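Where a number appears in this text, it was derived from the coordinates with a stated rule and is not lab data. Values in this document were obtained by computation on a predicted structure and should not be read as measured data. So basically every Cβ, Gly included, is an ideal-geometry build from the backbone, and we count neighbours across all protein chains shown.
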Amino acid sequence: MKSLFGSSISQTVHLITAAGLLAALTAGCGRSPDDAVQEDVDLAQAVDLFDDVGAPAEQPARDLDRVIARVNGTEITEADLMTEFNILAGRMQGRVPPERLAQMQEEILQGAMDNLIIKQLLLDEVDKEAVEVSEQEIDETIARYRQQIPPELSLEDQLTQIGMSKDEFRENIARDVRVNKLLEAKVGDPVDPTEEEIARFHEQHRDEYFAMPERVSASHILLSVEPGDGPDAQEEALEKAESLRQELLDGADFAEIAQAHSDCPSSMQGGDLGTFVRGQMVPPFEQAAFTQAIGEIGEIVKTDFGYHIIQVHERHEEGTASLDESRDQIAQFLISQSREEALRAYVTELREAADIEMMDAPAAPETAPMMP
């Protein structure tokens, strides 16, 4: 089923702070390379990426201090625009084919300019309405960011990578929280959709959102083998896999064995890989998962990752998600859509009342974004 949720204003009009630092950096063992493309690119990665690529030789030098717009008297420079441009382009890496991304340079540049204007309008409004936040609210927000960072990384490492101090980070978090409080106050409490509205949405969008491909839910135990491992290491991993499989056949708990012995990060969830569709896993793993009987301890499967023991929990044939299966998601989407419309109306109101002066905008990079 296609996700109903896209970017909200609060996500799209992100302030250049912690939101740009974090990304899902891990993928489940056994997933194919195409599926391992991360959903987001953090600010540090975007900086590294576009610093390495650089601007094309024929592109004229930029005057990064040049003022390209004023919003209620606050200047926006070409450097501001290029930084925002890189963040937006970085977020699209992996989502859009490279050739299409190259064609979208002007569109991305315009989006970056719009973001900068809206950000400044929101910051001006926060000051105008004297929105305040407590130290506890800031601490809680930072704690949530820390929870999103993979165990092998740290917030401090990422801040060092982009040259941001802890104090600067905290100031930016405080700014974000103030803006979020302003937006929450302007949007108000959401109104729950009626059952009629939910049913109508399901009926109107059956093919668009509720087509369900064939899918399975499964767990696995991985005994990893590195590409350079010799025959002895591979034999040792296979023997351990066979021993663990026998323990499972004798009645051992799958989750406990996975937690104790699996080399995949999914071991922390007892080997649970969740639900996946065809094309998400490497072929040998997929073939086993989509043919194996539900509940059985499957034969050992060899992939480039190593040796897998798979247990399938559920299998669902291709079809259409029913109204009952989709009700909660539709309700959440309609609430989100209502909030989005309220936010857009509020931002439009701010723009219409603002003093916005636009100068000649710089051209988009010809082949790749350029970091100032």
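Could you order peptides 267-275, 337-345, 145-153 by the average number of other Cβ atoms within 10 Å of their residues, highest first? All intermediate terms of the calculation are to be shown ahead of the outcome.
Numbers: 267-275: 17.7, 337-345: 15.0, 145-153: 12.6.
In descending order of packing, they fall as 267-275, 337-345, 145-153.
Using alpha-carbon pairs under 8 Å, 6+ residues apart, how would you state the relative contact order of segment 214-317 in percent?
It rounds to 44 percent for segment 214-317.
Modelled label-to-label distance, Gln246 and Asp360, 7 Å Cα→beta-carbon offset: nm?
Result: 8.0 nm between the two label points.
Can you give the extra length, in nm with one decimal, that the chain gains between Glu184 and Asp207 once fully stretched, where that is 0.36 nm per residue apart less the Cα-Cα distance? Walk me through the intermediate numbers first.
On the way: separation 23, 0.36 × 23 = 8.28 nm, distance 3.34 nm.
In short, 4.9 nm is gained.
What list of ³J(HN,Hα) couplings, whole Hz, do you get for segment 272-287 from phi and the Karplus terms 6.51, -1.76, 1.60, once you set θ to phi - 60° and write x for glycine and proline?
5, 9, x, 9, 9, 10, 4, x, 8, 10, 5, x, x, 5, 4, 4
What is the magnitude of the charge dipole of segment 214-317 about its Cα centre, with +1 placed on the Cβ of each Lys and Arg, -1 on the Cβ of each Asp and Glu, and no other charges, expressed in debye to the nearest 20? Walk me through the numbers before you get to the answer.
Values: 6 positive and 20 negative charges, 85 e Å.
Its charge dipole is roughly 400 debye.
Could you list which residues have their amide H under 5 Å from that of Met359, counting only those 5 or more apart in sequence or on another chain, with H placed in the peptide plane?
Hits under the 5 Å cutoff: Ala69, Arg70.
Need one number: nm distance between label points at Val191 and Asp157, each 7 Å from Cα along Cα→Cβ, rounded to one decimal.
In this crude spin-label approximation the distance works out to 4.9 nm.
Can you grab the distance from the C-alpha centre of segment 67-108 to the C-alpha centre of segment 325-351, Å, no decimals?
25 Å
List the lysines whose Cα sits under 19 Å from the Cα of Lys128, skipping any in the same chain fewer than 8 residues away.
Reachable lysines: Lys119, Lys181, Lys186.
Considering the zone a paramagnetic label at Arg70 would reach in this model (a point 7 Å from Cα along the Cα-to-Cβ line), which residues of segment 119-134 have amide N under 19 Å from it?
Output list for this probe position: 119-125.
Ranked highest first by the average count of other Cβ atoms within 10 Å around their residues, in what order do 125-135, 213-223, 256-266 fall? Intermediate values should be presented prior to the final figure.
On the way: 125-135: 13.1, 213-223: 21.8, 256-266: 18.3.
Those peptides, ordered most packed to least, come out 213-223, 256-266, 125-135.
Ranking Ile108, Ile142 by Cβ neighbours within 10 Å, fewest first, what do you get?
Ile142, Ile108
Using Cβ counts within 10 Å as a stand-in for footprinting exposure, how do Arg245, Arg178 rank, fewest first? Show your work: numbers first, answer last.
On the way: Arg245 19, Arg178 23.
Exposure proxy ranking, most exposed first: Arg245, Arg178.
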